[in-house]
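Reviewing the structure listed below.
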Amino acid sequence: MSSFRAADSELPDAEPQLRDSSALSRRAFTAAALATTALPLAVAVAGPASASAAATSHRTPKAPKAPKPPKLPPTPDFGPNVQVFDPSTPAATIQSAVDAAAAQQVPAEFGAGRFAFLFKPGSYTADIQLGYYTSVAGLGLSPDDVTINGEVRVEGQQQSDGSFNGLTNFWRSVENLAIVPTDGINWFAVSQAAPIRRVHVKGSLFLFPRQGGYTSGGFIADTVVDSQVINASQQQWLTRDSQVGSWSNAVWNQVFAGVIGAPEQSFPDPPYTTLPTSPKSREKPFLAVDAKGRWQVVVPKLRHNALGTTWNGGAPTAARTIAIDEFFIAKPSHSAHTINRALEDGKHLLFTPGVYQVDQTIRIKRAETVVLGIGFPTISPLHGVVPMSVAGTKGVRIAGLLFDAGAANSPVLLQIGDRRGGWSDAGDPTSVQDVFFRIGGAGAGRATTALVVDADDVLLDHVWAWRADHGTGVGWTVNTAETGVVVNGDRVQATGLFVEHFQKYNVVWNGEHGSTVMFQNELPYDPPNQAAYRHGRTLGWAAYKVDDYVKHHEGWGLGSYCFFNVDPTIHVSHSFEVPVTKGVVLHDVLTVSLNGDGVIDNVVNDYGGPAQGSATVPVNVLRYPPAAG
């Protein structure tokens, strides 16, 4: 993620027409506590007693007992960093809790705080500002089961020159609820690792700071926005399996797959890449409470050629449910050994918010296992171990985790499958969703590769692998990491693949029949010189490398940028390196030199021409190889 401001990331020329557009300031919300509803007491009315009854008994008939309210299942022990609200919770209590978290987390980019706020079905009034490592989620079976009257917002950060931007607004999320914005607008000025999933925005959604400024996101899935989405300065974005009233504009790489109301395909002017449907998709598992108060995890089913959400229109999301007592609820105090014993006992895993230091690999061996994190649980390896591995089996779900490299080099941070093969199932693939990787930033971290996919038929759905360009423990020889993502399995699909700043290839794709819908990359900022950043006769390293022997691969909406701020004279031969064969096709590809700090000589192989100069103008390629004629 760059702190650079794109020269052409302007607001739309025409001011959008909005409901109540004169009232853009956020409001503070106060409300009295909701009155609880008392159960009516049964009143027994006795009729006149007969003479014979009076002669034989002097006891007064007892009134029948009032029925007891049904006993709800207890709330699971999610630990101190999770708060669960229901409609009887006073609004002032909710507001106080979310305000306290925001005060701590908004400035805490590399802090240890982690929070999740969960709302049971009902209606609430709240103004929720999301800081780092904060999740807000509804607990209904449909997003419309939980309504937030107010906002769930992310604000721009003020810079030293007085301006605002959201270029480092990472690691926060909103899921599975409806928002009724008080002023008609919900502001969400985010960059990477800040998903919007299963949300119904009953108004407009603005993806940039309310004061103006720049952002570099982002991801929306299974969401409805009734009115406008104002993209404004967002450099790139993926929206899939959703519905929007309209979309305002594009900057470099706005991608849509299976979105009702999406702009028509028009790359590069404007740069919209629009797929009519999502080739293959499956929504992330989520926590829910049913009508009887039973806690469960809902695991949505696979969809092919999806258009629109899984829930809009009243039909429930097609899914299986798993009772919460089938999960081991992990807390940061639990050791990797304890977690592995729970897995051996057949449990699924639910990671609660916190930082987990693991001294051995957490091993997912059983098919259909669900591993779900809430509140950005962060797994950091000790002694260079691989923090998590998944056996070559079907139907495993890994979701909602942040892997943070430790001081000793780990060969990989998440291993999916192994080179010995395994049992895969195209109808029930393993999926990796909202899973993020960080090397450096919070301290000197090291890893050879962030994510390795050796299994077939895997879905990668919103992955950000980031070698830090700022924070602590950052430098060319300090937070070392060669490659972000390596895919060796066949028929692997990525939707929303964000990989940045790795020191060699950012992505290496060796498997057959792979595909990517929306790729975002920045090359490393910090090579000290050209000699340190080249291999053989090739200058630098490609952002996206498809192996020379691959026969079939396809990608849509792929972007790579350079910002060599240590040595701006560095060149890269190309950002995309693929075999020249009819079965390997890239659509809507671009490169950009940010502020002219460095040059990308070509887009794909030796095709496309140089991205260079301070104007920060992208070089676009509609198709590679070029269409005949």
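Can you name the residue in the range 244-270 that is open to solvent by 10 Å² or more (accessible area, probe 1.4 Å) and in contact with an Asp or Glu (Cβ under 9 Å, 6 or more places away or on another chain) and, of all such residues, is nearest to GLU522 (Cα to Cα)? Steps first, please.
Looking only at the range 244-270, we keep the residues that are open to solvent by 10 Å² or more (accessible area, probe 1.4 Å), and these are 244-251, 259-270.
Restricting the remaining residues to those that are in contact with an Asp or Glu (Cβ under 9 Å, 6 or more places away or on another chain) gives 244-245, 249, 251, 259, 265, 267-268.
Values: VAL244: 29, GLY245: 31, ASN249: 22, VAL251: 16, VAL259: 27, GLN265: 25, PHE267: 21, PRO268: 20 Å.
Only one residue tops the list, namely VAL251.
Provide a single number: the residues in the range 567-589 that are open to solvent by 50 Å² or more (accessible area, probe 1.4 Å) and of a type in the set (D, E, K, R).
1
Search the range 242-265 for residues that are within 24 Å of THR591 (Cα to Cα) and touching a residue at least 24 places away in the same chain (Cβ under 8 Å) and pair each with any residue that is open to solvent by 20 Å² or more (accessible area, probe 1.4 Å) and among the charged types (D, E, K, R) when their beta-carbon atoms are under 9 Å apart and the residues are at least 6 apart or on different chains.
Hits for this filter: ASN249/GLU10; ASN249/ASP13; VAL251/ASP8; VAL251/GLU10; TRP252/ASP8.
PRO285 fails exactly one of the following numbered conditions: (1) surrounded by fewer than 21 Cβ atoms within 10 Å (Cβ to Cβ); (2) in contact with a Leu (Cβ under 7 Å, 6 or more places away or on another chain); (3) over 23 Å from HIS553 (Cβ atoms); (4) not aliphatic (A, V, I, L, M). What is the number of that condition?
The one condition PRO285 does not meet is (1).
Just a yes or no: is a residue in the range 91-112 touching a Phe, Trp or Tyr at 6+ places or on another chain (Cβ under 6 Å) and either open to solvent by 50 Å² or more (accessible area, probe 1.4 Å) or part of a loop (DSSP other than H, G, I, E, B) (or both)?
Scanning the range 91-112, I find at least one residue that is touching a Phe, Trp or Tyr at 6+ places or on another chain (Cβ under 6 Å) and either open to solvent by 50 Å² or more (accessible area, probe 1.4 Å) or part of a loop (DSSP other than H, G, I, E, B) (or both), so the answer is yes.
Name the single residue, out of those in the range 444-457 being outside any strand (DSSP E or B) and in contact with a strand residue (DSSP E or B) (Cβ under 6 Å, 6 or more places away or on another chain), that is farthest from PHE502 (Cα to Cα).
The residue in question is ALA455.
Starting from the range 133-161, take each residue that is more than 24 Å from ASP183 (Cβ to Cβ) and open to solvent by 50 Å² or more (accessible area, probe 1.4 Å) and list its partners that are acidic (Asp, Glu) and modelled with pLDDT of 95 or more, counting only C-beta distances under 9 angstrom and pairs at least six apart or across chains.
LEU141/ASP290
Among the numbered criteria (1) closer than 26 Å to PHE85 by Cα; (2) open to solvent by less than 10 Å² (accessible area, probe 1.4 Å), which single criterion is violated by GLY218?
Looking at each condition in turn, GLY218 falls short on (1).
Conditions first: (1) buried (at least 24 other Cβ atoms within 10 Å of the Cβ); (2) under 19 Å from GLY203 (Cβ atoms). ALA116 passes all but one, so which condition is the exception?
(2)
Within the range 506-519, can you find the residues that are hydroxyl-bearing (Ser, Thr, Tyr) and crowded, with 22+ Cβ neighbours inside 10 Å?
The answer is THR516, and nothing else.
Residues that are open to solvent by less than 10 Å² (accessible area, probe 1.4 Å) and more than 23 Å from ASP77 (Cα to Cα), at least 3 per element: which strands (runs of 3 or more DSSP E) completely within the range 293-392 meet that?
Here the list is empty.
Go through (1) out of contact with any Pro (no Cβ under 7 Å at 6 or more places or on another chain); (2) open to solvent by less than 40 Å² (accessible area, probe 1.4 Å); (3) assigned to a strand (DSSP E or B); (4) more than 19 Å from VAL82 (Cβ to Cβ) for THR274 and report which single condition fails.
Answer for THR274: the failing condition is (1).
If you go through the range 460-478 one residue at a time, how many are touching a residue at least 60 places away in the same chain (Cβ under 8 Å), buried (at least 24 other Cβ atoms within 10 Å of the Cβ) and touching a His at 6+ places or on another chain (Cβ under 9 Å)?
Number of matching residues: 1.
Mind checking whether some residue in the range 590-613 is part of a helix (DSSP H, G or I), crowded, with 19+ Cβ neighbours inside 10 Å, touching a residue at least 24 places away in the same chain (Cβ under 8 Å) and at negative phi?
There is at least one residue in the range 590-613 that is part of a helix (DSSP H, G or I), crowded, with 19+ Cβ neighbours inside 10 Å, touching a residue at least 24 places away in the same chain (Cβ under 8 Å) and at negative phi.
For the range 176-196, how many residues are crowded, with 24+ Cβ neighbours inside 10 Å and not in a loop (DSSP other than H, G, I, E, B)?
Qualifying residue count, the range 176-196: 9.
Are any residues in the range 162-186 touching a residue at least 60 places away in the same chain (Cβ under 8 Å), in contact with a Lys or Arg (Cβ under 6 Å, 6 or more places away or on another chain) and not acidic (Asp, Glu), and if so, which ones?
Those that are touching a residue at least 60 places away in the same chain (Cβ under 8 Å), in contact with a Lys or Arg (Cβ under 6 Å, 6 or more places away or on another chain) and not acidic (Asp, Glu): ASN176, THR182, GLY184.
Collect the residues in the range 520-546 that are surrounded by fewer than 17 Cβ atoms within 10 Å (Cβ to Cβ), in contact (Cβ under 8 Å) with a residue 12 or more places away in the chain and assigned to a loop (DSSP other than H, G, I, E, B), keeping them in residue-number order.
Within the range 520-546, PRO528, ASN529 meet the criteria.
Tell me whether the range 551-566 contains one or more residues that are over 29 Å from GLN234 (Cβ atoms), modelled with pLDDT of 95 or more and open to solvent by 10 Å² or more (accessible area, probe 1.4 Å).
yes
Can you give me the number of residues within the range 406-452 that are more than 21 Å from TRP509 (Cβ to Cβ), open to solvent by less than 10 Å² (accessible area, probe 1.4 Å) and not charged (D, E, K, R)?
The number of residues fulfilling the criteria is 5.
The values are calculated or read from the model by the stated rules, or taken from the named source; none is laboratory data. This one's a predicted model, so the numbers in the text were calculated from it and none came from an experiment. As a convention, Cβ positions derive from the backbone with ideal geometry for all residues, glycine included, and neighbour counts pool all protein chains shown. Accessible surface is based on the protein model in full, side chains and every heavy atom, while ligands, DNA and RNA are left aside. Shrake-Rupley method; radii C 1.70, N 1.55, O 1.52, S 1.80 Å.
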